[in-house]
Every structure is written in structure tokens, then in C-alpha cells.
Amino acid sequence: MNSFDLFLNPRHGLPGMVVLPEGGFRRARAAIAGWPGYAPTPLHDLPAHATALGLAALRVKDEAPRFGLGSFKALGGAHAVALQLAAEQARHGRAASDLVVTCASDGNHGRAVAWGAQRCGARSVIFLHPGVSAARAAAIAAHGAEIRRVPGHYDDAVRAAAEAAEREAMLLIADTAWPGYTEVPRAVMQGYRLMPAEALEQWSALDPAPPTHVFIQAGVGGVAAAVSVQLRTCAGPPPRLIVVEPQAAAGLLASARAGGLTAAAGTLETVMGCLACGEPSLLAWQELERAAFAFLAIDDAAAIVAMRWLAEAGIVAGQSGGAGLAGLLSLAADPSAAAALGLDRTSRVLLFSTEGMIDPEAG
């Protein structure tokens with residue numbers, strides 16, 4: 001049996017601040033829906049798999065087709081790029097071709113930022129740590145980005161990008177927030193909300209009863225927080241949200257245990273490369289510290305099983321993309337853990353396959 005670490009959140013349901021105002025999401029949705037090639041990604045209904053797991057329903061939102069970029073990240077990074085470029089042009093009257101955007105990435109966010117810059121006629125510089133594969137780097141460079149390799153892990157690349165942005169007058173489009181830097185990552189997260197908004201609308205077209213449980217993977221936590229916010233638009237009590245991380249990079253679980261924002265104690269070495277982030281986003285933590293029902297850390301073996309399980313269901317995903325399913329499979333095999341979350345034959349579970357097979361050699 002795969003090992004896992006489950007922590008039920010004692011602060012679940014406490015009042016908190018508004019992290020993602022509705023007005024920002026309405027504007028993000030209107031903008032993204034107007035981009036050429038926009039279409040909702042599919043929601044797969046898997047009744048046979050639900051029965052096998054002892055559930056009433058199981059549905060998976062598949063982000064592999066998103067704008068041809070292979071992941072949900074296209075929604076956030078490109079949206080934030082467009083906003084920041086427009087703001088800079090309005091302030092200083094500079095042409096987009098004179099502007100440069102930058103960020104750090106494990107692969108998908110950098111690709112979205114580079115694509116967004118290319119769409120707007122700007123340049124991009126993307127910082128990558130050694131764990132980012134050549135295939136992911138090539139996918140970013142294909143959108144005209146300059147790739148800069150830096151030592152360390154993702155968090156080190158974030159710092160390198162921020163320092164370079166200051167030094168070289170580039171526009172920083174980070175997907176993680178820290179004190180004094182929140183508005184750009186907030187825009188990124190508002191773009192992410194389109195994924196769960198589509199999923200809930202697609203779900204309601206199939207089933208009048210909403211999901212009872214949602215498993216969502218997390219790196220810095222931006223997409224998990226975006227999903228969390230959108231779940232509150234459901235009629236009645238929101239579904240129980242379970243945030244899934246690699247055991248080697250479980251910064252949100254560590255923060256929940258500590259009762260405050262803290263970094264992961266793990267090595268950050270995991271096959272779930274897009275989740276290999278040690279320091280959670282401030283904005284994500286402000287949402288998840290009281291909205292997540294539970295935090296779950298899984299091992300790499302579970303991610304591989306989930307990727308193959310999705311493939312058998314006709315859904316192509318990378319190891320990071322299937323991490324939410326990996327969490328569900330791990331808990332469903334443990335009666336006491338399933339009982340702690342209220343997972344039973346009446347449960348209706350929503351999952352997100354957040355990326356396709358971006359890096360075939362890693363599979």
C-alpha cells in the first residue's frame with residue numbers, strides 16, 4: 001500500500017479574508033473567453049470507476065487540451081501577462097515590443113507566461129532550476145522565451161527571477177505571493193478559477209446533486225485556492241476540499257500542522273515535478289488555512305499508479321496532473337482514512353487532471 005500523511009484541518013470553516021474578489025474573476029473570465037481558441041475543457045464522467053472505488057460518482061476535469069499548452073496554467077499566467085502589459089503601456093506609453101516579462105517555473109507556468117507574452121508582442125525571460133527537463137524547457141522556448149538556468153529548486157528560481165526583474169526592469173509574473181507582492185499572483189489565480197467554474201457548470205448539466213468531495217493537487221497552492229474559492233459558489237455547503245501534495249514538498253500540510261505559513265521540510269525531490277515547491281504562496285495559504293477540509297501528502301508511487309489509472313480511463317496526464325486522483329486512490333484503500341473524510345457510497349467526487357503528458361520521457 002502507498003504511504004500517505006493525512007491531516008484534518010482544525011481551522012476548517014473559520015471565517016477569513018476575501019482573497020479573490022468576484023469582480024476580478026468576472027473580468028478574467030470575460031477576457032479569457034474572448035481569446036482565439038478558447039473552449040471549455042472536457043469533464044469526463046467515469047461511472048464504472050466510481051463503482052469500483054465505492055463512490056456514487058466520479059468525474060475528472062481534463063486540462064490537457066487547454067489552448068494547446070497542455071495545462072490549466074494557460075488560464076493564469078497569460079491573463080496576468082496581458083493585464084500587466086496593458087497597465088505598463090497605460091502608465092508609460094511603451095510599446096509591448098519594448099517590454100519584457102519574467103517568471104520562474106517548473107514548466108507549465110513559464111510556458112503560459114511565454115505564450116502570453118508572445119500573444120501580446122512582448123518578450124519573455126523564464127528562470128528554470130535543474131529539475132526542469134529539457135522537454136519542458138524546449139516547450140517554453142518554442143514561444144520565443146529566453147531560458148535562464150539557475151541552481152537550486154523552484155523557490156530559488158523564484159528569488160532569481162524577482163531579483164532579475166528588479167535589476168533589469170522586467171515585469172515579474174510570479175504565480176506565488178509573498179508580503180508586498182500579491183496583485184500579480186492574485187490575477188493569476190483569478191484566471192485559474194475558470195477551470196473549476198467550467199467544471200461545476202458541466203457537473204450540474206450531468207447531475208443536479210453537486211460534488212461532495214474535491215481533491216486538488218498543490219505546488220505553491222494557487223490553483224487549490226482558486227478551486228476553493230469557486231466551490232463556494234455551489235448551492236448549499238461547499239464540497240469538502242482535500243489538498244494533495246508530494247510528501248517531499250508538502251509545504252501547505254506543514255503550514256496547517258504548524259498553524260501558520262511555513263516551508264516544507266522535505267527534499268523537494270519528487271516525480272511530481274510541477275508540485276515540487278517548498279514555500280507556499282501567501283495568498284493561497286490565506287484561503288486554504290480555513291477552507292481546506294484536509295491536507296494530504298502522497299508518495300511518488302501513488303502518482304505513477306494514478307497516471308496509469310487515468311490512461312486506462314482514456315485521460316492522458318503527467319505525474320503532477322494525476323496527483324489529486326493519487327490522493328483519492330490512497331485514501332479509498334484505507335477504511336479509516338476514508339471514514340475520516342466521509343468518503344462512502346453516497347460520495348460524489350470531482351478531480352482535476354491539471355496537465356497532459358508534457359514530458360513523455362518522464363512518464
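Some notes on this structure:
- Among helices (runs of 4 or more DSSP H) entirely within the stretch 242-324, having at least 1 residues that are more than 21 Å from S353 (Cβ to Cβ) and either touching a strand residue (DSSP E or B) at 6+ places or on another chain (Cβ under 6 Å) or outside the structural domain of E355 (by TED's automatic domain parsing) (or both) singles out 251-258, 282-291.
- Test for L328: is it assigned to a helix (DSSP H, G or I), out of contact with any helix residue (DSSP H, G or I) (no Cβ under 6 Å at 6 or more places or on another chain), within 19 Å of V243 (Cβ to Cβ) and assigned by TED's automatic domain parsing to the domain that holds A48: yes
- Here the stretch 171-208 is the region considered, the condition is being among the acidic types (D, E) and over 18 Å from A80 (Cβ atoms), and the residue that is surrounded by the fewest Cβ atoms within 10 Å (Cβ to Cβ) is E201.
- Selection status of R26, assigned by TED's automatic domain parsing to the domain that holds H213, basic (K, R) and assigned to a loop (DSSP other than H, G, I, E, B): no
- Of all residues in the stretch 92-137 being part of a loop (DSSP other than H, G, I, E, B) and among the hydrophobic types (A, V, I, L, M, F, W, C), the one that is surrounded by the fewest Cβ atoms within 10 Å (Cβ to Cβ): A95
- Residues in the stretch 332-353 that are at pLDDT below 95 and under 29 Å from R66 (Cβ atoms): 1 in all.
- Each residue in the stretch 194-241 was checked for being among the basic types (K, R) and touching a strand residue (DSSP E or B) at 6+ places or on another chain (Cβ under 6 Å), and 1 of them qualify.
- Criterion (at pLDDT 95 or above and under 30 Å from P21 (Cα atoms)) met by exactly one of A145, A90, A122, A141: A122
- Subset of the stretch 256-288 (residues that are touching a Leu at 6+ places or on another chain (Cβ under 6 Å), surrounded by 24 or more Cβ atoms within 10 Å (Cβ to Cβ) and small (G, A, S)): A276
- Qualifying positions in the stretch 1-12 - part of a loop (DSSP other than H, G, I, E, B) and crowded, with 17+ Cβ neighbours inside 10 Å: N2, N9
Condition check ((1) over 22 Å from H49 (Cα atoms); (2) within 18 Å of the chain's Cα centre (by Cα)) across all residues:
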site	(1), (2)
M272	yes, yes
A276	yes, yes
P280	yes, yes
A284	yes, yes
L288	yes, yes
A294	yes, yes
A303	no, yes
A311	no, no
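- The number of residues in the stretch 203-241 being in a helix (DSSP H, G or I) and more than 20 Å from W285 (Cβ to Cβ) comes to 4.
- Members of the stretch 138-172 that are assigned to a loop (DSSP other than H, G, I, E, B) and more than 18 Å from S320 (Cβ to Cβ): A142, H143, G144, A145, V150, P151, G152, A169, M170
- A57 more than 22 Å from T182 (Cα to Cα), surrounded by 24 or more Cβ atoms within 10 Å (Cβ to Cβ) and either small (G, A, S) or over 22 Å from the mean Cα position of the chain (by Cα) (or both): no
- With respect to the conditions (1) polar (S, T, N, Q); (2) at pLDDT below 95; (3) under 19 Å from A78 (Cβ atoms), S133 falls short on a single one, namely (3).
- Of the residues E163, E168, the single one that is surrounded by fewer than 17 Cβ atoms within 10 Å (Cβ to Cβ) and within 24 Å of L283 (Cα to Cα) is E163.
- Comparison of P36, P15 shows that the only residue that is surrounded by fewer than 12 Cβ atoms within 10 Å (Cβ to Cβ), assigned to a loop (DSSP other than H, G, I, E, B), free of Cβ contacts under 8 Å to residues at least 24 places away in the same chain and more than 18 Å from the chain's Cα centre (by Cα) is P36.
- Residue check for A291: farther than 24 Å from G107 by Cβ and either surrounded by fewer than 19 Cβ atoms within 10 Å (Cβ to Cβ) or not aliphatic (A, V, I, L, M) (or both): no
- Cβ pairs under 9 Å, 6+ apart, first in the stretch 284-311 and polar (S, T, N, Q), second at pLDDT below 95: Q286/G16; Q286/M17
- All positions within the stretch 63-78 that are in contact with a His (Cβ under 6 Å, 6 or more places away or on another chain) and at pLDDT 95 or above: G77
The values are calculated or read from the model by the stated rules, or taken from the named source; none is laboratory data. Because the structure is a prediction, the values reported are computed rather than measured. Ideal geometry is used to build each Cβ from the backbone, glycine not excepted, and the neighbour counts take in all protein chains shown.
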